[in-house]
Structures are given as C-alpha cells and as structure tokens.
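K.L.:
My questions will all concern the structure given below.
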Amino acid sequence: MPLTCLPPVFDGHNDVLLKLFSAGGIDAVDGFLTGGEGAIDVPSAKAGGFGGGFFAIYVPSQTDLDAKLDQMTQASYSLPLPDPIAWSDAMPVVMSQAAILFELEKRNALKICRSAQDIRSCLSTGQIAAIFHMEGAEAIDPDFHTLDVLYQAGLRSLGPVWSRPTIFGHGVPFRYPSTGDTGLGLTEDGKRLVSACNARKIMIDLSHLNEAGFWDVANITDAPLVATHSNAHAICPHSRNLTDKQLAAIRESDGMVGLNFAVAFLREDGRMVPDVPLSQMLRHLDHLITHLGEDRVGLGSDYDGATVPPDLTSCAGLPKLRQAMAQHGYGESLIAKLCHENWLRVLEKTWGQ
C-alpha cells in the first residue's frame, strides 16, 4: 500500500562537506544551493524530502582511491589501514570544512542544530537541519582544548576514529570477510575522550571503531551507544558491520543504528558493486529492527562518501525507499520512526535537550 504522506528523512551520515572541500571549498557552495553533482543539495533535498542529518567533517588520507575501490570489487579483500594523520595536518582541513558548513548556514542553505528542538523546528519549516559531526578525532588534542573550541562552534557528535589509528584508538579496516575484532581498542587518551564527550553531551559515534574499541566505549560511557552508519554483520560479514552481540549492547543502552547505504556493507558478498535492490536494504532493516526494536533503527546513508544502490544515487530518490518500506509491510508509524523520529529520540536523550 502506498504511503499517504512521506515523512521527512533525517539521516545519520553524509560527506557533503568533504565533497565541497574537494571541489573548491567556499567557492563550491553555489553548487549545493542550485544543484550540483553530489547526492545532496538543496533542490534534491526538496524533491526527496531530505530534512537533514549529520554533516561530517573528515580529513582524507593520501591514498589511491581508485585502487581501493577496485580491491573492494573482489570476492575477498583486506585493505591496509592508512597511516595516522598528525594534529597539525588535520587542523587546516577541519577548519576549512567547518568554514564551509558555516557558509552554508550563512547562505540559508541549512541550520546548524544544537538541540533536538532545533531539528524539529527545521523539519517543520522545510529548512535542512545539520548536525556538526566529526568522523575521526585527528584534530582533537589530548588536553581537549580543540574539543572545547569546536563544541562552542556547534560540534555535537564525534567519531574517535575513522578507519585508521588516532591517538585515541584504532579503526576497523575495510576487510571482507571479517569481524570487527581486528586489534586493540581505545588508548588511555581515548578513554578520557569518551568521558570528556559525556561531560559536554557530545554524542560518540561507534561506526569505524573496531570491536575492542566498541566494548571500551560501552564500558565507559553514560550515554546511549550509537553507530550512525553501520549494518548487520549477520547478513553481510564485513568488518565494518555490527554483530548481534553488539546490537544487543546497543539495545540495552537504548541507543541507535543508522542503516548505511554503501553497497559493500549491504551485499552478502561484501563487494563494492552497485547493483543492489532496495529489498536488500529492507533485509538489513528487518534484522536491525528484530535485534534493536522499532525505536532504535534509522538511516545513515553515507551520501557523497560511498557507492550506493542505483535507486538512491541522489537524496531525490528517497521516496522510493519509503515506498518500498510501505510495500514491505511497514506501517506509517514505523516508517516515520525510521525516517527521523528515532534519531530525535536518541539525540534528545544524549544531549539532554
């Protein structure tokens, strides 16, 4: 049965800021306003009911991306972890991408949200709601001075690592088939970072942490466990995906998982090959709902940072996913939860506002 009303989508992860940074920085902002080559821009958001999400700041590694993607089309692969990035090298990139986010707000393309109520207000008016998020803590110093400054600027969500080591912990490699049990977890500084984020009500993102790091966070944090863009390991045994034991811990903490649209984490064979039907995404959603409950599952597209199914190459295509949910048997109440209500719930619980 078709949906009578398409609820707005609030999404757990995108790489819009990296895409704009790579395309020219502030000079590339016009493309976001008028429609560019990315998966998310203002016209596409309006067309698809994209209400906003986590806008990630990410410092790219100096790696051969084409070679990496080629390896991930194979039947099995194990990409080496990129080298760590020094604080002094990370800071200029973080400041440049933050400036792009601030410019987008200045141009009225979006609003940087610091509370769940800010997000609700944006969803009600149609303005794109943006959470200032960092994917990888390379720009955070061990005394947390940078953390304090970025918090005052609007930072409300932080992943201690991307898939490379930092002074705070160890990322999970891109490896198939594999579990996330790939090495050491958080360092002592990383454990202090968890407590520092708890004290400031900054959400901690578990996506990209290896399994040992996941359990370190689980043992320290007083906040819900959240993986903004991860899938079910039981369906796709990729190192980036979450085991049922991890899902049980997230459920116990009243946390949240956002479904990643990246095809390598959706396909049973783990290959970065795009011909993935929406039904495969629904398999992951079914599994996540079974293990987490209807209140703890959402979307975490990885738009502008991953190869995604052909039906969803732009956020303008999001109505297809919502209609597929309805045809699959999800009711309108559940679809609204998956699209945005569950994110609002867990953010309000984490931020306290």
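The values are calculated or read from the model by the stated rules, or taken from the named source; none is laboratory data. Bear in mind that the values here come from a model prediction, so they are computed numbers and not experimental data. Reconstructed Cβ throughout: ideal geometry from the backbone, glycine too, with neighbour counts over all protein chains shown. For the accessible areas, the whole protein counts, side chains as well, though only heavy atoms, and no ligand, DNA or RNA atoms are used. Shrake-Rupley method; radii C 1.70, N 1.55, O 1.52, S 1.80 Å.
K.L.:
If each of residue 327 and residue 70 carries a label point 7 Å out from its Cα toward its Cβ, how far apart are those two points in nm?
P.N.:
Each label point lies 7 Å from its Cα, and together they span 3.7 nm.
K.L.:
Right, next: Could you tell me whether region 1-85 comes out rounded, prolate or oblate from its Cα gyration tensor? Rule is a ≥ b ≥ c as square roots of the eigenvalues, rounded for a/c under 1.5, then prolate if a/b exceeds b/c, otherwise oblate.
P.N.:
oblate
K.L.:
Under a plain spin-label model, where a point goes 7 Å from the Cα along Cα-to-Cβ, how far apart in nm are residue 124 and residue 34?
P.N.:
3.4
K.L.:
Looking only at 260, 219, 231, which one moves most when the chain is put into a Gaussian network model with springs between Cα atoms under 10 Å?
P.N.:
Comparing 260, 219, 231 in the GNM, the peak value goes to 219.
K.L.:
With every protein chain kept in the model, how would you rank 346, 273 by accessible area, 1.4 Å probe, largest at the top?
P.N.:
I get 273, 346, largest accessible area first.
K.L.:
About the Cα centre of the chain, what is the dipole size in debye to 20, counting +1 per Lys and Arg Cβ and -1 per Asp and Glu Cβ, all else neutral?
P.N.:
760
K.L.:
Using a probe radius of 1.4 Å on heavy atoms only, what accessible surface per residue do you get for the chain? Whole Å² is fine.
P.N.:
With the other protein chains kept in place, the chain gives 37 Å² per residue.
K.L.:
Of 191/337; 46/106; 111/320; 68/245, which pairs sit farther than 24 Å apart, going by alpha carbon to alpha carbon?
P.N.:
191/337; 111/320; 68/245
K.L.:
GNM on the chain, C-alpha springs below 10 Å: top fluctuator among 42, 172, 161?
P.N.:
Among 42, 172, 161, the largest mean-square fluctuation in the Gaussian network model of the chain belongs to 42.
K.L.:
In deg cm²/dmol and to the nearest 500, what is the mean residue ellipticity at 222 nm of the chain if only DSSP H runs of at least 4 residues count, each as -39500 (n - 2.57), divided by the residue total?
P.N.:
-11500 deg cm²/dmol
K.L.:
Hey, another quick one. Does region 287-349 classify as rounded, prolate or oblate by the C-alpha gyration tensor (a ≥ b ≥ c root eigenvalues; a/c under 1.5 gives rounded; else a/b over b/c gives prolate, otherwise oblate)?
P.N.:
Since a/c reaches 1.5 but b/c is at least a/b, the shape of region 287-349 is classed as oblate.
K.L.:
Another question, if that's okay. Is the C-alpha gyration tensor of the chain telling us rounded, prolate or oblate? Criteria: a/c under 1.5 is rounded; beyond that, a/b larger than b/c is prolate, otherwise oblate.
P.N.:
Verdict is rounded for the chain.
K.L.:
Taking the chain as a Gaussian network, where each spring joins two C-alpha atoms under 10 Å apart, which residue of 67, 129, 306 fluctuates the most?
P.N.:
Maximum fluctuation in the GNM of the chain, among the listed residues, is at 67.
K.L.:
Express the carbon and sulfur contribution to the solvent-accessible surface of the chain as a percent, rounded to the nearest whole number, probe 1.4 angstrom.
P.N.:
51
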